[in-house]
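> One structure, as structure tokens, below. Some questions next.
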Amino acid sequence: MKIAVLFSGGKDSCRTVYWCLKNKYDVKYLVTMIPKKEDSWMFHFPNIRLTELSAEAIGLPFVSKETFGIKEKEVEDMKKVLKVLDIDAVACGGIFSNYQKTRIEKVCKELNLKFLAPFWQTDPEKFLKDTIDLGFDVRIVGVYAEGFDESWLGGKIDKKTLEDLKELNREYSINLIGEGGEYESLVIDGPIFKKKIKIIDSEKVWEEKTQSGYLKIKKARLVEK
């Protein structure tokens, strides 16, 4: 089965690529929608333009398309991209977002494509534990919920981070995997990576008023593992 994976460069989509390859699917494309504004209803925003480098690191064909991020219109933009690809199915890393899942399913149905969401409703703690155990190097590149502060930006999700996230979950009810938009991630290495992404220059952009911010990666390159 020829598959396009909706790809943000974050932990969920990288785990989906890993799952597809492990299960012997033919991953033909990594597809990235690039919103022109940060409050997209559907798509990841921080450092989204690094996905081309991520795809090169993994060694899979990359397709991208800009979208204005207008509600529902961005779904149509995604449909136009998928429509012209030689694929049988679309896979995404969604775990709890019904908003995203229902819209991607609808597009797949209209295009007569199968839809795969291998981690749908997976236990969040297990998902993170498995991600760590598999050797994915995941960095937090955006935080948008009460309980986080600037010190989280750029941090690696490891076993200590998982315990800290569990504490935030108990105190502030944040979703452990950030499915509610509490945080965003970037994978810089892992078992599917042929090369590693090295961050050369970055800047923490922090908004005191909203107590939220993101890691702006100014320069990155691929290095041998």
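The values are calculated or read from the model by the stated rules, or taken from the named source; none is laboratory data. Here the structure is a predicted model, which means the values were calculated and not measured. We place every Cβ from the backbone using ideal geometry, glycine too, and count neighbours over all the protein chains shown.
> Please enumerate the residues belonging to region 205-225 that are out of contact with any helix residue (DSSP H, G or I) (no Cβ under 9 Å at 6 or more places or on another chain), part of a strand (DSSP E or B) and under 23 Å from Leu53 (Cα atoms).
Of everything in region 205-225, those that are out of contact with any helix residue (DSSP H, G or I) (no Cβ under 9 Å at 6 or more places or on another chain), part of a strand (DSSP E or B) and under 23 Å from Leu53 (Cα atoms) turn out to be Val205, Tyr214, Leu215, Lys216, Lys218, Lys219, Val223.
> Of all residues being touching a Cys at 6+ places or on another chain (Cβ under 9 Å) and outside any helix (DSSP H, G or I) in region 56-109, which is nearest to Asp123 (Cα to Cα)? Just the residue, please.
Gly93
> Taking the condition of being touching a helix residue (DSSP H, G or I) at 6+ places or on another chain (Cβ under 9 Å), modelled with pLDDT under 75 and either under 20 Å from Gly180 (Cβ atoms) or buried (at least 20 other Cβ atoms within 10 Å of the Cβ) (or both), how many residues in region 36-68 meet it?
Count: 5.
> Kindly evaluate Lys195 against the criterion of being crowded, with 16+ Cβ neighbours inside 10 Å and either of a type in the set (Lys, Arg) or out of contact with any Phe, Trp or Tyr (no Cβ under 8 Å at 6 or more places or on another chain) (or both). So that I can check it myself, show each step before the final result.
On the way: crowded, with 16+ Cβ neighbours inside 10 Å: yes; either of a type in the set (Lys, Arg) or out of contact with any Phe, Trp or Tyr (no Cβ under 8 Å at 6 or more places or on another chain) (or both): yes.
Yes.
> Additional query: Could you say whether any residue in region 156-167 is assigned to a strand (DSSP E or B) and either within 18 Å of the chain's Cα centre (by Cα) or exposed (fewer than 15 other Cβ atoms within 10 Å of the Cβ) (or both)? Explain how you work it out, then say what you get.
Here is the first cut: in region 156-167, the residues assigned to a strand (DSSP E or B) are 156.
Adding the requirement that they be either within 18 Å of the chain's Cα centre (by Cα) or exposed (fewer than 15 other Cβ atoms within 10 Å of the Cβ) (or both) leaves 156.
Scanning region 156-167, I find at least one residue that is assigned to a strand (DSSP E or B) and either within 18 Å of the chain's Cα centre (by Cα) or exposed (fewer than 15 other Cβ atoms within 10 Å of the Cβ) (or both), so the answer is yes.
> All but one of (1) in contact (Cβ under 8 Å) with a residue 12 or more places away in the chain; (2) part of a loop (DSSP other than H, G, I, E, B) hold for Asn112, so report the exception by its number.
(1)
> Of all residues being under 21 Å from Glu66 (Cα atoms) and under 14 Å from the mean Cα position of the chain (by Cα) in region 13-35, which is modelled with the lowest pLDDT? Just the residue, please.
Step one: list which residues in region 13-35 are under 21 Å from Glu66 (Cα atoms), which gives 13-14, 28-35.
Still in the list and also under 14 Å from the mean Cα position of the chain (by Cα): 13-14, 30-35.
Numbers: Ser13: 96, Cys14: 97, Leu30: 98, Val31: 96, Thr32: 92, Met33: 87, Ile34: 84, Pro35: 75.
Ranking the candidates gives Pro35 first.
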